[in-house]
Amino acid sequence: MTTQPAAAPKGPASYFPSIEKTYGQPVEHWFGVVRDQHAAGTNKHGELVAWLKSEHGLGHGHANAVVAHTLGLIKAGA
């Protein structure tokens, strides 16, 4: 019987280890930050990405991954 390695995360989740290492916070922290800003009325993906970049110093790819994942959770009702 051959054991195959676990598949590497794809999509936004592939950025999560780097986000945690780079910014020193678990990704759940960033999901919460985006949820709070979304609840405050910033609803567009691009606006949330720009906000994370300007207010929290995230790079574009990292901000995009966090926003994409968080908006997906919000849409799914999670």
Next on the checklist: Tell me the label only: which of (i) 19.0; (ii) 14.1; (iii) 13.1 is Kirkwood radius over Cα pairs in Å as calculated from this structure?
Outcome noted: (iii)
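Using a 1.4 Å probe over the heavy atoms of the protein chains, calculate the carbon and sulfur portion of the accessible area of the chain as a whole percent.
Accessible surface attributable to carbon and sulfur in the chain totals 55 percent.
Quick one: dipole size for the chain, taken about the Cα centre, charges +1 on Lys/Arg Cβ and -1 on Asp/Glu Cβ, in debye to the nearest 20.
180
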Item to check | Contour excess over end-to-end distance, with Cα ends at THR22 and LYS75 and 0.36 nm allotted per residue | outcome: 16.4 nm
Checklist entry - Between HIS56 and HIS29, 0.36 nm times their residue separation minus their Cα-Cα distance comes to what? => result 8.5 nm
Checklist entry - Per residue of the chain, what 222 nm ellipticity follows from adding -39500 (n - 2.57) for every DSSP H run with n ≥ 4, rounded to the nearest 500? => result -20000 deg cm²/dmol
Checklist entry - Are there trypsin sites (Lys or Arg not before Pro) in segment 1-73 that DSSP puts in a loop and that have at most 13 other Cβ atoms within 10 Å, and which ones? => result LYS10, LYS44
Checklist entry - Once you put a point 7 Å from the Cα of ALA13 and another 7 Å from the Cα of ASP36, both along the Cβ direction, what distance in nm separates them? => result 2.6
Item to check | Karplus-derived 3J(HN,Hα), 6.51/-1.76/1.60, for each residue of segment 58-69, Hz, glycine and proline x | outcome: 6, x, 4, x, 5, 4, 4, 5, 5, 5, 4, 5
Checklist outcome for this item: Heavy-atom accessible area per residue of segment 4-78, all protein chains kept, 1.4 Å probe, expressed in Å², is 61
Item to check | Contact order relative to length of the chain, as percent, for alpha carbon pairs under 8 angstrom and 6 or more apart | outcome: 34
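The values are calculated or read from the model by the stated rules, or taken from the named source; none is laboratory data. Not measured: the values here are computed from a predicted model. Glycine also receives a Cβ, built like all others from the backbone with ideal geometry; neighbour counts cover every protein chain displayed. Note: areas computed on protein heavy atoms with side chains; ligands, DNA, RNA excluded. Shrake-Rupley method; radii C 1.70, N 1.55, O 1.52, S 1.80 Å.
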